[in-house]
Every structure is written in C-alpha cells, then in structure tokens.
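Notes follow once the structure below has been shown.
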Amino acid sequence: MPVQLEVKDLMKYFRIPVGFLHAVDGVSFQLEEGKTLGVVGESGCGKSTLGRAILGLNEATGGQVIFEGEDVTHLKGASRKAYKKKVQIIFQDPFSSLDARMNVQSLIEEPLKVLGTYRNKTDRLEKVDELMDTVGLAGRYKTSYPHELDGGRRQRIGIARALAMDPRLIVCDEPVSALDVSIQAQILNLLADLQEEKGLTYIFITHNLSVVKHISDRIMVMYCGCLAEMADTDSLFEQPLHPYTKGLLSAIPVPSLHVQRNEILLEGEIQSPINPRPGCRFAGRCCYATQLCRAETPKPAELLPGHIVSCHHAGEING
Amino acid sequence: MKRWLETRKLARKGEIRSVGKFSLMVRRFCRNKAAVASLVFILLLILIAVFADVLTPYDYDAQNLSEKLRQPSAAHWFGTDDFGRDILTRVFVGTRVSLLVSILAVGISTVFALVIGSIAGYFGGAVDNVIMRITDIFMALPGMLFAMTVSAALGTGIWNTAIALGFTSIAPIVRQVRASILLLKDQEFIEASKAFGSGNTVIIVRHVIPNAFAPLIVQIALRLGDTIMAISGLSFLGLGVQPPTPEWGNMVSVGKDYMSEFLPLILFPGIFVILTMLAFNLLGDGMRDAMDPRMKR
Amino acid sequence: MIRYIIRRLFLLIPILIGTVVIVFTINFFSDISPARLVLGPTATEEQVEAKEDEWGLNDPYLVQLGRYFWRIVSQGSLGTSYIYNQPVLKMIMDRLPNTLIIGLLAATLSVMIGIPLGILAAIKQNTALDYIATFLAILCGAIPPFVLCILMQLVLAVRLHWLPVSGIRSWLGYIMPIIACGVMPVAMTCRMTRSSMLETIRQDYIRTARAKGLKEGTVIWKHALKNALIPIITVVGMTYAMSLCGSIISEAIFNIPGLGNLMNSSISQKDYITNLGCVLVAAFIMSFVTLITDLIYAAVDPRIKAQYAATGKRARTYKRKEAAV
Amino acid sequence: MELLQIKDLRIQFNTDTGIVHAVNGVDLSLQEGECLGLVGETGAGKTTTALGILDLIQTPPGKIVSGEILYKGRNIREMKPHEIRDLRGNEISMIFQDPMSALNPVIPVGHQIAEVIRLHQKCSKNEADRQMLAMLEKVRIPAERADEYPHQFSGGMKQRVVIAIALACNPKLLIADEPTTALDVTIQAQVLKMIRELQQEIHTSMLLITHDLGIVAQTCEKVAIMYAGEIVESGTAEDIFDRTAHPYTKGLFASIPSIDRKMRRLTPIEGLMPDPTDLPAGCSFGPRCPYVSDLCREHKPELQEIGAGHFCRCHFPSQKRSPEKEGQ
C-alpha cells in the first residue's frame, strides 16, 4: 500500500500568558492508505492537537504534513478547500460539535453546501438520504434536532457529516469516549464497516487502550507532546519497549478475573507541557531515568523493525 | 444526569414528532404566567400607541381652559390637565412617544453594537483590544450624565432623544455581544464547520448570528424597558421630549407643581411607566428562563 | 499584587482623558453659546463675541482641549464656571460631601437589605417568602426614580408632614433621598444574590459539604456564600459607583446641593466647563470604585488573585520567550 | 451481620416531562469489610441510589418513594435530620465522580479536610490540623500544600484530597461514585490502588459505583449489575464474570473490546435503555433482549436466586448462559 500521509517533525506551540505550551513537539510518522493509526495518550499529551494540526484547523508551528505527495502544512484559499474535502474529522463530543439550532437534515446538508458539487437542493437532499442510510440513521430522524437524540445517534450524524465530503482520510478524535459501552460498540462496528467499504484511512485518537487495540493496525503512544513509542498493534501490546508504554498497558483495567498482570504502577503526575526543559519528558516518572535522560531529549529510533521508541535506555531495559 | 434524562425523554418523542429548540423555548415561556401576561400587556400598549388618536374623542393638544385640572369623570376618565387637555388621551399619545423613541434608540444602539461587538469578538487581537479600551472609556461615564450631555447637545425632540439614548447605550451592548460571540467562537460546531472548509462569512451568517440571536432578543426586551425609563427621566428634567408633545415623564413633571391638590397628572402617567417597566422586565426574565431552564429550578 | 494595583492606577489616566475628550467634543459641536445664555437675549453680537473670546471659546478645538488639560496639570484647576464665576473644583468640592453621604448610606442600605433578602429567597426557593421577595424586587426595579421621589414627597411630606418636602437643613431631609437612591440597588442586589446563590447551591462542592455532615446553615454561609459573591460584588460595586456620582433626578426633586444637581444645572445652563469638571470627577469615582471591586474579587476568590499575579508578570515573560523562539 | 441493607428502594423525580422512575425497587446488601461493585450505564440509577443512602437527593424534584435503607439495622429513612448528619462524613462517606468540581474552590484544601474532622470528632483546631496533616500524608500530598487552593492541584491530586476528606473520620462505609472516571489511566491506577489500600487499612466497607467492569474485576468481591433502575444480576465476582446469567450482563461483556483476544467485530446490545418516564410493562430489558418471549413482554421477572448468593432478574436465566465464557 502506498504511503498516504507523512508527518515530519510536526510542532504546534500555543502562546499563553506565562510562555509557550508545547502541545505537539516534533512528531513524525507515515500512514499507509486504508490503514488505521491509533494515537493514544493521556489528557493533555497533544493527541487532539496533532489531529487538528494535520487537518489544518490549528496551523502548525513547525514541521511538515505531506498528504498524497503534496505539502499541505500551510495551504491557503482554494487548495486548502480542496484538501479539506479529502481529510475530515469526527469530534469527541457529539453534543457541542453540532449546531443545536439545526435539524439532522440541515446538519448533514451543511458540508454538501460547502462542497459545492451539488448545485440544487434535490440532489443534496438525495445525498443526505444516502448518507443517513450509510451511517444507519433511520429516515424519520431527518427533522429531529440533535438534543432529541441519544449520544450514539448524534455521533452517527457527525460521521455522516464527515463522510459527506467523500474524504480519503478521517481523523477520529475520541469518537466513542462520551458513549456508553453498548453504544460505543455500535459506533466502532460502524467505523470498521465504513473503512472496509470505502477504503478509508483513519487516525484514531483515544485514551482508551482497549478501543485502540481493537481498531488500529498501528499505534502511536504520545507523552507530553512527544512520540514515546510507535509500532504495529500486536507488537506494541506484546512487547512494549518504552517504560511509559509498559506502565500504561499494565494500568488498563481488564474485565476478567483470570488475567494475571505484573502491575507497574507509574508514580507521579504528567509533566506540564508549558515551557518544558530539555531532557526526556517522562524522566520524572521513570524508574530507569539517569543523568542523560534529564539532560538530553531522546530521539525516536527504530529499535526493532517497524518499532520506533524514544528512550535512551530502551535497549538496555529490554535486554 | 438531568441533561441525559431530558435528552432521553425527547429521544423517544423524536420518533413521533420533532420539537425544535425554539418551540421548546416557546413552550417553557408559555408556562410562565407573569411573562405571558406581560407580553399581552405590551401588545396592548402597542395597540394603544398605534390607535392613540382614535381611541378617545379628544385631541391631545386641544386646550380648554374652562375645564382645567378636573378630577376623573365619565367624560374624562383620567381627568384633565392644567390646560384642560384630556389626560387619558395624552397618556395614550405618550405611550406612542415612549415606545417609538425607545424602539428607535434600542434599534440604533443594537445595530451599531452588533457590528462593533461582532468584529471585536470574532476577529480578536488588536482590533478587539482597541474597541474594548474605547468601550472602557464610555463605561466610565455615568449613564444618566452622559445621556443628558448628549441630549442637551443634540437638542430636544423625538429623533434627537432617540439618537442620544441610542448612542449612549452602545458600549454596554458591545460588551455583551462580544462576550456571547467569544463564547460561541470556542464552540466545537464552529470548528466543525471550519473543518468542512467554510469561510468566515459563511460561519458568521450561518452559525454565529443565529446562535447569538436568542440572548440578544432578551437583552433587547430589557433594554426597551430601561430606555423607556430613561426617556421619561430625561423628559422629566426638561430634556428629551418637550411639551406640548405629551410624554409620561414631562406630564409627571407638570403634575409635580400641583402635587398637593391634584393627583391624576402624577398618578396615571406614573402607573403607566411602572406597569410598562414591570412588563418589559418580566418579559425579559421570562424569555431568559425559557432559554436557560436551569435557572428556573 | 501591588504591581497589579499600580498597573491599574496607571490605566486610569487614559480612561479619564478619554471621558473628558468625549464630553468636550460633544459640547464643542453643540451650537448654543454659553455666552449668549449668560448675557441674556438683549446683549449684542459684539458683547457675546467678546465674552466668548474672554473664555477662549473661539479658539480651535485642539487649542481649547489642550488648554483644559494644561490647566489641570500646571495649576490643578478645572477652570472657572461661566455662570457662577467660581472655580469649578471648589464648586464640586462644596457639593461632593452631600452626595457622598447620601450615596454611601443608600448603597450600604441596599447591601444590608438586598443581600440577606436574596439569600433568604434562594434558601426558601419556591416558598411564599421567595415569591414575595422576588416580586418586591421586580416591582422596586420597575419604579422610575422620579415617580418614587414624588410619591414619597406626596405621602411622607405633603400629606403626613413627617419629613421636610425638600432641602437638607435637618438630618430628616436626608431620609427620602437615601431611600430614593437605595430602592433600585436593593432590588438589583436582591435579585442577583438570589440567582447567584441558586446557581451555587447546585454545585458539586455543596453536595460534598452536605455529605460531610455539615449543618445546612454552615453549608450556606461558609461554603455557598463565598462562591456566590463574585456576581453580587459586581452589582454592589456598580451600586456604589452610581450612588457616589449622585442621583441627578432625586437631587433635583429634593433640591439637594450635590454633585447631581450641579451636573443638571451645568448641562441645562450650557456651563460646559463645569460640566467637564463633573464628568471628570464622576468618571474618577466610577473607575476608582471599579478598581476597588476588582481588588475585592481577588480577596474573595484565590483563582482571580492568581490571575492578577500572573498579569503582573506577563509582560516580562513574554519578551524572554519571544527571544528564545 | 449486614452493615448496609437496602430493601425495595424506589426513587422518583418529578420533571416537566413526567415522573422519572430513576430507581425502581433496588435490593442490595453489604457485609462489613466487603467491597461491592455497582455497575451500570449512564442513567441506570447508580448515583441516585448512592445519594439516596445518604439522603442527599434534592427534594424537590427528587423523592424517595418507598423502601428501607438499613444501616447497622437502623432505617436511615426514619432517622432525624441531625442523626443523618452525624452519619454523613463520619460513618458513611462518599467520594464523588468529578474531582474538578467536588472541592470548594475558595477554601484551602487543608481546611476542607480539617473541617470534617472537627465536626465529627469534636476536637480542638490544633488537633484537627494535626490529623489533617496525617491524612494528607496518607494520600501522599506534601503537608506544605495544605494551605493551597484546589485550582493549584492536578485532577489526580484533587481526587486524593476528596479521598482524604472521605476517609478522615475512618468511616464504616465508603461510597465511591465513579471515583476514577474523570482521571487518566495511569492516575486512575494510582488512585484505585490508594483507595484499596486505605480501605483495608481502616477496615471500611465499600460500595464502588462504576461503569467499568475492568475496575470491578480488580477491586470488588461482590458485584451488582443495574439496568433501568433495577438490579438485574448480583452475586460474587466469579458469579458475574464467569457464570454470567443475565442477557444484559452478557451483552455488556460482548460490547467491550478485548485487550487479550483479537476480534473483527464487536457484538453490541441493540437499541437504547428505556425512557425512565415510560418503562415497558414487562421486563425492562425485554425490548433489547435477543431472547425475548411473550412472557417477558407481559410479566416483569423477579430477582431469583439461581445459585448460592447469585441472583438474576430474568425468566430464562439458565438457558442463556454464554457458551464461549466456559472456555476461559
């Protein structure tokens, strides 16, 4: 499969009263067409900002986003609009991401209007019917308003809106975090079906490791704006190399009485991404941290084939 | 939990009949009896204002010195004033003047404030900074003093009073508009629309203005009341609307001189001002509660 | 914190200059000459012209404006009244105490009545007490000051002879003006307190306080009130600011020699220079009370205090970071 | 002896849209020193039940309609207000879901802890402060931060302060309402471990409310599954995890993406939870149940004992035992 999206050393800093918040600090990865990259990390690790920077909703401070061979980091005008047709986003909160005044039909029609391919209203409404059918929304909800629907159906509207542009790549920003497990499963199945049907590429951002394992082909673990580890799903779960990934995986509560885990409890809190000092951002919580870790930021390195890790001591720790 | 319950309840209803957010608001509003009564009263006032000339057999300016300062009677329900003019007629025409001036004033200030406030709120940055510093200056002027100064400079009369009151109340509305736009700007659905590639104009027209509209209506209702009070205050002091044009404030001002022996000239215009103020306040509160049901419980 | 206060005091200067410029400009373009009013309709054009020259009214806009500010900076003078031929500053200072006494008492009265009544209404929400308090508050907010003043005069002075009709020759004369200035603020404070308390009582930390086993009184007074105070302080601050600038209408009706009365007469008599002086003093009082209000915010809410401390440091950190990136 | 026993608890809310039946006949019992997990989705009535125990339901609109809440054999519903206040924070305390809003933003955290100690132990201010510092140390917050305000703490630390408040008076019963839902995974692990350790240290019984079966598996000996205001299945952790009987519980397990096994598709429960103002006549899970029959639609099943201490509210519990679970 050809590489569809390439992100090179992407940086996004936000200016705040006391300095700069390094939301994303030098993240690179490649994503093949039709695959799913899971991005995991805890709140404030920059995973949502990464997704928005790829979309161009937040303009990157540095680095490059290359989509299908074209540099799309700083697009303007018509080319920006063309890019937005190919790359779409599904938001976390299906309540606030839908304008409460609009009913389902006009919500799904909105992107079609922007798109401009469908000149007359009948064509657009036909397409709306088709989209609602695709995401499993019954036609009788056309005149309903978002606040009358449950979280699952609202999220289906969000998905239909993203699909309206007929995108190649969808950034899913915590699309199931606000939902109950039974509804979450419905939406995850829908996303999997759509991918199979349309050959979509996903960047799936979440903090839920079970979900990310279920849906992703490859997983990137982020910590405090930086890439900590990236590998194919199985390899990451079977052989995590970064101490943070190890801690993260062992912290997942497993709904079974028969799973024995050697629990690695991570002490301490996540470091603030505001004006960070050089050095490994995880050093403060890491039991292997040395002088080197505190002085020098580790570079991502491919320790095993396709398994990238940013840790000075990854080799020694894992023998 | 509460939000969930409400949604769940409506989720079921949605399968039968869909209820827009607006009609939900109307329903909640209709449950508030005081607000509905106020709305009816205000509609009545508007009718009075429109048909002031034909509601009574008298002309508001027809003097009859032999009939001056008469107590209420069958012929003159509210009595007559110091020139023998029918007070009822003058109160009715005064209603027209008050409503007209306040609608003009609020219209002027709202239009200007909307434009300025939207620019400040939506674009932010240096533009916002400059606009906000200027409003700070205007906010440091006591309202009545400022209105009187402008009114004195422009001169009296309906239009000048409307312009004076409109101009002096731009700054506070600019702040409100800006605040609600800032709140809206951070909403995810605006970002969602940007993700489709919508431009600024489309977003402002399709999302920002319609969503800022509802709170603005409440503000307008409350402002109308405040402005009516300000007009009558100015007219009372001899600025604003001047005799012979009747206005509640200038009628009371005349009545003040006959305070010890003749009440109707104070009482009836006074009651009209109080009731009108009450009605606009209750209406504004009712609309706000209807939009934000949390406040009710 | 001190840095914040100093910063705010410096910011007062452009605001005061701004208010003077606005009012000066409005007066400048007004087409009625104060000289004509002072000299009366019988005076000739030449006499009026001469008077205007004496007051410098025929100079260009910027010259007049510059002269006004220069006089403040160099002599500390606000000029001389056209009508009364007295220094404006002296006239204001003579009248200010009356206004301040009435304003302070009225605003304090509104706090003493409005806040407790609002709290009571919130605690007893949806009871008869709540309905009565809310209705009274709305009613009081709907009575225009001039109607209220005249009704009081009529009942308390003319009919019952309890209080003097106007003037402040005895302390009894202060009662009606204080009530007249206080009624609207009482209504506003009461309503704001009620809604703010209701909002606070719904918060999770109030549930935490109840789950600790605290008495309802402790929950309300210790945990809820302090959190509900911010919007109340805003309204109370506004009340003080407005009251201290003097009520134009009630001072006119009760014939009180105060700041409001001076503003009224200076406007109606086109005594522009006195008007400017009043504006300056009023704007100063308004801004100063706003500053005090903002400082009280910080005393009540540690989050706001932290924010102020941060703004004091901001300027320097910014520069350093910009150099770095 | 049972520390807490709830019998047929019913709680309703009067709203504009009708009467919400939030809790419909819940029976629960909790032994001393035990940890019971109460599991359910949003709107199942878990939190309402918990608030009902402490009589913290806002009235109006909420109201406990019927039922008994026996704490050490005494019915809390019949206690006088001051007796209930003596229980709250002292014998029964509660940890709330959202640490961001559960602490009073304008009072220093140390004071918020000391307050509950002074209230229930009737001790001097100094003694209360001493105990408060000891408590802070227990939840691993440096003593010098006692004078700071909640906004200066991170989410995990705030939740630890909430825990300190809850455990300050060594309660007999701790109700933890989704104590880690708002926290990140690694912080969640820290907080859960801390709650477990402290619970054992002071021999507290715990009612853990959560929607996460993973947390239950780690923490609780007993489990009760709640659906639409009813307990649909309860028993020991083994009963629930290995001998799942109720189709809803089964559905829950099938909806969770597994971390250990690879599966292409999940098997979600179709449909939505019923409207709490308009519950179905028969079994409340009936409309979503794959095994539903006419009996289920007409008659509400009772909670019946299908194994020692294993209760299930279903007409056909045994037939629905999941075959694939036996493989584990």
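Quick one: A:S96 ticks every box in (1) under 24 Å from A:Y202 (Cβ atoms); (2) open to solvent by 20 Å² or more (accessible area, probe 1.4 Å); (3) more than 7 Å from chain B (Cβ to nearest Cβ) except a single one, so which number is it?
With (1) under 24 Å from A:Y202 (Cβ atoms); (2) open to solvent by 20 Å² or more (accessible area, probe 1.4 Å); (3) more than 7 Å from chain B (Cβ to nearest Cβ) applied to A:S96, the lone miss is (3).
Take the residues of region B:139-166 that are free of Cβ contacts under 8 Å to residues at least 40 places away in the same chain and within 7 Å of chain C (Cβ to nearest Cβ): which is surrounded by the fewest Cβ atoms within 10 Å (Cβ to Cβ)?
Within region B:139-166, the match that is surrounded by the fewest Cβ atoms within 10 Å (Cβ to Cβ) is B:A153.
Taking strands (runs of 3 or more DSSP E) that fall entirely within region D:204-251, which contain at least 2 residues that are more than 23 Å from D:E302 (Cβ to Cβ) and either open to solvent by 10 Å² or more (accessible area, probe 1.4 Å) or aliphatic (A, V, I, L, M) (or both)?
Ranges flagged: D:205-210.
Confirm whether B:V177 is of a type in the set (V, I, T) and either open to solvent by 50 Å² or more (accessible area, probe 1.4 Å) or touching a Cys at 6+ places or on another chain (Cβ under 8 Å) (or both).
no
Do any residues in region D:24-37 that are in contact (Cβ under 8 Å) with a residue 40 or more places away in the chain and farther than 19 Å from D:T210 by Cβ have Cβ atoms under 9 Å from those of residues that are surrounded by fewer than 20 Cβ atoms within 10 Å (Cβ to Cβ) and aliphatic (A, V, I, L, M), where the two are at least six apart or on different chains, and which pairs are they?
Close Cβ pairs satisfying both conditions: D:N24/D:L279; D:G25/D:L303; D:D27/D:L303; D:Q31/D:M1; D:E32/D:M1.
Do you know which residues across region C:149-178 are within 20 Å of the chain's Cα centre (by Cα) and either under 30 Å from C:E216 (Cα atoms) or touching a residue at least 60 places away in the same chain (Cβ under 8 Å) (or both)?
Once the filter is applied, which keeps residues that are within 20 Å of the chain's Cα centre (by Cα) and either under 30 Å from C:E216 (Cα atoms) or touching a residue at least 60 places away in the same chain (Cβ under 8 Å) (or both), region C:149-178 yields C:C149, C:Y174, C:M176, C:P177, C:I178.
Which fully enclosed strands (runs of 3 or more DSSP E) of region A:1-85 have 2 or more residues being within 26 Å of A:V309 (Cα to Cα), modelled with pLDDT of 85 or more and over 14 Å from the mean Cα position of the chain (by Cα)?
Result: A:3-16, A:19-32, A:62-67.
Give the residues of region B:186-212 that are assigned to a helix (DSSP H, G or I), more than 8 Å from every other protein chain (Cβ to nearest Cβ), open to solvent by less than 40 Å² (accessible area, probe 1.4 Å) and of a type outside the set (V, I, T), sorted by residue number.
B:A212, the sole residue that qualifies.
Which residue pairs have Cβ atoms closer than 6 Å, lie 6 or more positions apart in sequence or on different chains, and pair a first residue in region D:183-205 that is farther than 15 Å from A:G247 by Cα and more than 10 Å from chain A (Cβ to nearest Cβ) with a second residue that is of a type in the set (V, I, T) and in a helix (DSSP H, G or I)?
none
Could you check, for region A:248-260, whether at least one of its residues is in a helix (DSSP H, G or I), open to solvent by less than 30 Å² (accessible area, probe 1.4 Å) and hydroxyl-bearing (S, T, Y)?
Within region A:248-260 (the criterion being in a helix (DSSP H, G or I), open to solvent by less than 30 Å² (accessible area, probe 1.4 Å) and hydroxyl-bearing (S, T, Y)), the answer is yes, since at least one residue qualifies.
Of all residues being among the charged types (D, E, K, R) and not in a strand (DSSP E or B) in region D:280-318, which is nearest to the chain's Cα centre (by Cα)? Just the residue, please.
Looking at residues that are among the charged types (D, E, K, R) and not in a strand (DSSP E or B), I get D:R313.
Look through B:F272, B:F262 and report the one residue that is more than 9 Å from chain C (Cβ to nearest Cβ), under 21 Å from the mean Cα position of the chain (by Cα) and of a type outside the set (G, A, S).
Of B:F272, B:F262, the one residue that is more than 9 Å from chain C (Cβ to nearest Cβ), under 21 Å from the mean Cα position of the chain (by Cα) and of a type outside the set (G, A, S) is B:F272.
Looking for something within 8 Å of chain C (Cβ to nearest Cβ) and closer than 30 Å to B:C30 by Cβ - is there at least one such residue anywhere in region B:287-294?
Yes: region B:287-294 contains one or more residues that are within 8 Å of chain C (Cβ to nearest Cβ) and closer than 30 Å to B:C30 by Cβ.
When A:L265 is evaluated against the numbered criteria (1) open to solvent by 10 Å² or more (accessible area, probe 1.4 Å); (2) closer than 30 Å to D:E270 by Cα, which criterion, by number, is the only one it fails?
Here A:L265 clears every test but (2).
Could you count how many residues in region C:54-85 are closer than 21 Å to B:A153 by Cα, at pLDDT below 85 and assigned to a helix (DSSP H, G or I)?
Going through region C:54-85 one residue at a time, the tally reaches 1.
Matching residues to (1) of a type outside the set (D, E, K, R); (2) open to solvent by 10 Å² or more (accessible area, probe 1.4 Å); (3) within 16 Å of C:V20 (Cα to Cα):
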| site | (1), (2), (3) |
| --- | --- |
| C:V236 | yes, yes, no |
| C:L244 | yes, yes, no |
| C:S247 | yes, yes, no |
| C:E251 | no, no, no |
| C:F254 | yes, no, no |
| C:P257 | yes, yes, no |
| C:N261 | yes, yes, no |
| C:S266 | yes, no, yes |
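Would you say B:L183 is free of Cβ contacts under 8 Å to residues at least 40 places away in the same chain, among the hydrophobic types (A, V, I, L, M, F, W, C), over 30 Å from B:I46 (Cα atoms) and surrounded by fewer than 20 Cβ atoms within 10 Å (Cβ to Cβ)?
yes
Looking at region D:38-61, which of its residues are over 11 Å from the mean Cα position of the chain (by Cα), over 16 Å from C:T208 (Cβ atoms) and among the β-branched types (V, I, T)?
D:T42, D:T59, listed by residue number.
Looking for whichever is of a type in the set (A, V, I, L, M, F, W, C), within 28 Å of the chain's Cα centre (by Cα) and within 14 Å of chain B (Cβ to nearest Cβ) here; the options are C:I2, C:I92, C:I83. Which one fits?
C:I92
Are any of the residues in region C:22-33 away from chain B (no Cβ under 14 Å) and either surrounded by 16 or more Cβ atoms within 10 Å (Cβ to Cβ) or in a helix (DSSP H, G or I) (or both)?
No; the residues of region C:22-33 include none that is away from chain B (no Cβ under 14 Å) and either surrounded by 16 or more Cβ atoms within 10 Å (Cβ to Cβ) or in a helix (DSSP H, G or I) (or both).
In this structure, does D:P274 turn out to be open to solvent by 10 Å² or more (accessible area, probe 1.4 Å), more than 19 Å from the chain's Cα centre (by Cα) and within 8 Å of chain A (Cβ to nearest Cβ)?
Answer is no for this residue.
Could you list, in sequence order, the residues of region A:21-42 that are more than 17 Å from A:G63 (Cα to Cα) and away from chain D (no Cβ under 14 Å)?
A:E32, A:E33, A:G34, A:K35, A:L37, A:V39
Between A:M222, A:M230, which is under 17 Å from A:N208 (Cβ atoms) and more than 9 Å from chain D (Cβ to nearest Cβ)?
So the residue among A:M222, A:M230 that is under 17 Å from A:N208 (Cβ atoms) and more than 9 Å from chain D (Cβ to nearest Cβ) is A:M222.
Scan region C:4-21 and give yes if some residue there is under 16 Å from C:I83 (Cβ atoms), in a helix (DSSP H, G or I) and either open to solvent by 90 Å² or more (accessible area, probe 1.4 Å) or not aliphatic (A, V, I, L, M) (or both), otherwise no.
No, there is no match, as no residue in region C:4-21 is under 16 Å from C:I83 (Cβ atoms), in a helix (DSSP H, G or I) and either open to solvent by 90 Å² or more (accessible area, probe 1.4 Å) or not aliphatic (A, V, I, L, M) (or both).
Look through region D:73-112, keep the residues that are surrounded by 17 or more Cβ atoms within 10 Å (Cβ to Cβ), over 20 Å from the mean Cα position of the chain (by Cα) and hydrophobic (A, V, I, L, M, F, W, C), and return whichever of them is farthest from D:A143 (Cα to Cα).
Here the answer is D:V106.
Select from region C:147-163 the residues that are open to solvent by 50 Å² or more (accessible area, probe 1.4 Å) and more than 9 Å from chain B (Cβ to nearest Cβ) and list them in ascending order.
Correct list: C:V155, C:L160, C:H161, C:W162.
Looking at (1) within 25 Å of C:E52 (Cα to Cα); (2) without any contact (Cβ under 8 Å) to a residue 60 or more places away in the chain, which is the only condition C:M286 fails?
(1)
The values are calculated or read from the model by the stated rules, or taken from the named source; none is laboratory data. Since we're looking at a predicted model, the values are computed, not measured. Cβ sites come from the backbone with ideal geometry, for glycine too, and all protein chains shown count toward neighbours. In case anyone asks, the SASA skips ligands and DNA or RNA and just uses the protein heavy atoms, side chains included. Shrake-Rupley method; radii C 1.70, N 1.55, O 1.52, S 1.80 Å.
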